[in-house]
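I have placed the structure first, in the form of structure tokens, so that the comments after it can refer back to it.
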Amino acid sequence: MNSVLNTLLDIFREPSVIIGLIALLGLVLQRKSLSDTLKGTIKAFVGFLVLAAGAGVVSDALTPFGEMFQHAFGVQGVVPNNEAIVGKVLTDYGSQAALIFFFGMIVNVLLARFTRFKFIYMSGHVALYLSAMIAVILIANGFSTWQTVLWGSLAEGLITTLSPALVQPWMRKVTKQDNVALGHTGNFGIATSGLVGKLVGDTKKSTEDLKIPKGLGFLRDTTVVIAVSMGIIYLLVTLVAGAGYVEDKLSGGQWFLLWAVMQAGKFSAGVFIILAGVRVVLAEIIPAFKGISEKLVPNAKPALDVPIVFTFAPNAVLIGFLSSFVGGLIGMGVLVAIGGTIIIPGIVAHFMTGAASGVIGNATGGRRGAVLGAMTNGLMITFLPLLVLPFLGDVGLANSTFSDADFGVSGFLLGSAVRWGHSAVIVLILASLAAVFVGSAVATRREAAKSAADPGPESESEQQPVV
């Protein structure tokens, strides 16, 4: 009997196996053929192993970078990159993160079904990253596995349900409709960009009236941008550290500049591999939840990844990315002046969330809104990661961390509650759930009262989503 239990425990300690079983469940629920079920299950299993392999490549590139940065500047340098930090987390806490991801999606569907927040979070890759952060914070601060999965799943479901609601008022301005939402872990910063644009901008002066040189088109390719930007960062830090240190301690005698370029290339390759693994895994899991949610949640809005807004304002995409990156550089300069841990601008985060912030900022405040809104996002994703680092245990000592604004806000709230004790986490989550249901009921009652008092065309105020 004990040998059987130990065998089962060994199986469920393997996150790749759990991912495969989740895919298997989804395919069975969709009543797929035996051939499709076997193919999908195996692809999900192998996809996670690909992800883990990419994590190893990224880790191999970041470890010497951290040592070199510390030698060069006397402080810890941290690169916010979700793929890099999640790869390490899933190696250590993959089983718990996979279960939080799975049950968190179920909580999201249930909340959408029984409240006014009709958002189904379809950006599975960032939902997986979010589950990884939640797992780390809870486990590193003393929660058992079952407690981590239970409370982590509820927290994940809450965040993925409420996050799209923050951006929805601005999404309607961008898309001119209300049937799609934005699902990304940068939503808090993106929503802030919309607010900044509304306060300081002018919608009459749009970014789309500008002519952007075609020569800058390469900045829209994420892999190229990562390789080029990380190459510049590695070369600068290598030059400061000096050829002697690099060739004696890190490169094994290889010419220090060539070593820096190779390390940057390895980092970019590792991120590319991780993204490939994530795409394979989610391609097998997400369709099942989409089909279930469509049947269970009438009038549901799919919350999709940030590229859905890129086509609405292509110029704002580039302007937002560059403005967010400038905000990151300004924030890094402030941290250098203060001393302590330095957050180096994470290119992926600035590209994805900065671009979306530019589009949203342009919709609410034109060119000024795009620039200042995206720059605000850049500052936020520079300083917010510092608030989460203390709650990540040994993972917080790595040379990378979670990047987007939702990680910073939710991670800080969850981590702060943990420091007060396990009961504080439970109170926070249950109180948030109660607030969602009560707020939804109150809003529904008010809407019914307004409709009864003033029947006719729906007023503009009634078209605003409850957030």
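Considering only segment 47-60, I want to know if a residue exists there that is aromatic (Phe, Trp, Tyr), in a helix (DSSP H, G or I) and at pLDDT below 80. Looking for residues that are aromatic (Phe, Trp, Tyr), in a helix (DSSP H, G or I) and at pLDDT below 80, one finds at least one in segment 47-60, hence yes.
Restricting attention to segment 116-142, and to residues there that are open to solvent by 10 Å² or more (accessible area, probe 1.4 Å) and within 13 Å of the chain's Cα centre (by Cα), which single residue is modelled with the highest pLDDT? So the residue we want is TYR121.
If only residues of segment 397-420 that are at pLDDT 90 or above and out of contact with any Phe, Trp or Tyr (no Cβ under 9 Å at 6 or more places or on another chain) are counted, the one that is surrounded by the most Cβ atoms within 10 Å (Cβ to Cβ) is ALA417. Could you say whether any residue in segment 336-352 is modelled with pLDDT of 90 or more, in a helix (DSSP H, G or I) and out of contact with any Phe, Trp or Tyr (no Cβ under 7 Å at 6 or more places or on another chain)? Within segment 336-352 (the criterion being modelled with pLDDT of 90 or more, in a helix (DSSP H, G or I) and out of contact with any Phe, Trp or Tyr (no Cβ under 7 Å at 6 or more places or on another chain)), the answer is no, since none of the residues qualifies. Of all residues in segment 64-115, exactly one satisfies the criterion of being under 25 Å from ASP248 (Cβ atoms) and within 16 Å of the chain's Cα centre (by Cα), namely VAL79. In segment 93-113, the residues that are within 18 Å of ALA303 (Cα to Cα) form Cβ pairs under 6 Å with partners that are β-branched (Val, Ile, Thr), at six or more places apart or across chains, as follows: PHE102/ILE22; ASN108/THR160; ASN108/THR161; LEU111/THR161; ALA112/ILE120; ALA112/VAL297; ARG113/VAL297. Exactly one residue among THR161, THR148 is open to solvent by less than 10 Å² (accessible area, probe 1.4 Å), within 21 Å of the chain's Cα centre (by Cα) and within 16 Å of VAL109 (Cα to Cα), and that residue is THR161. Might you check whether a residue that is among the acidic types (Asp, Glu), modelled with pLDDT under 85, more than 16 Å from ILE347 (Cβ to Cβ) and not in a helix (DSSP H, G or I) occurs anywhere in segment 295-307? Yes, some residue in segment 295-307 is among the acidic types (Asp, Glu), modelled with pLDDT under 85, more than 16 Å from ILE347 (Cβ to Cβ) and not in a helix (DSSP H, G or I).
Taking the stated definitions as given, is LEU154 assigned to a helix (DSSP H, G or I), modelled with pLDDT of 90 or more and closer than 24 Å to VAL107 by Cα? Answer is yes for this residue.
Pairing residues of segment 22-37 that are of a type in the set (Val, Ile, Thr) with residues that are part of a helix (DSSP H, G or I) and open to solvent by 80 Å² or more (accessible area, probe 1.4 Å), at Cβ distances under 9 Å and at least 6 apart in sequence or on separate chains, gives THR37/VAL28. Confirm whether ASP394 is part of a helix (DSSP H, G or I), in contact (Cβ under 8 Å) with a residue 12 or more places away in the chain, among the charged types (D, E, K, R) and open to solvent by less than 50 Å² (accessible area, probe 1.4 Å). So ASP394 fails the test. Does ALA191 fit the bill of being assigned to a helix (DSSP H, G or I) and either under 17 Å from PHE310 (Cα atoms) or modelled with pLDDT under 95 (or both)? Spelling it out, ALA191 is indeed assigned to a helix (DSSP H, G or I) and either under 17 Å from PHE310 (Cα atoms) or modelled with pLDDT under 95 (or both).
For segment 1-43, a tally of residues being open to solvent by 90 Å² or more (accessible area, probe 1.4 Å), at pLDDT below 75 and farther than 22 Å from GLY94 by Cα returns 3.
If I ask for residues that are β-branched (Val, Ile, Thr) and over 30 Å from VAL271 (Cα atoms), which ones from segment 400-457 would you list? The answer is VAL418, VAL425, ILE426, VAL427, ILE429, VAL436, VAL438, VAL442, THR444.
Does VAL89 satisfy the criteria of being aliphatic (A, V, I, L, M) and either assigned to a helix (DSSP H, G or I) or closer than 18 Å to GLY152 by Cβ (or both)? Taking the combined requirement at face value, the residue satisfies it. When segment 72-88 is filtered for residues that are surrounded by fewer than 24 Cβ atoms within 10 Å (Cβ to Cβ) and in contact (Cβ under 8 Å) with a residue 12 or more places away in the chain, the ones remaining, listed by number, are ALA72, PHE73, VAL75, GLN76, GLY77, LYS88.
Just to be sure before I move on: is LEU384 out of contact with any Pro (no Cβ under 6 Å at 6 or more places or on another chain), part of a helix (DSSP H, G or I), among the hydrophobic types (A, V, I, L, M, F, W, C) and at pLDDT 95 or above in the structure I sent? Criteria not met by LEU384.
The values are calculated or read from the model by the stated rules, or taken from the named source; none is laboratory data. Because the structure is a prediction, the values reported are computed rather than measured. Cβ: placed from backbone, ideal geometry, glycine included. Neighbour counts: every protein chain shown. Quick note on the areas: whole protein, heavy atoms, side chains included, nothing else; ligands and nucleic acids left out. Shrake-Rupley method; radii C 1.70, N 1.55, O 1.52, S 1.80 Å.
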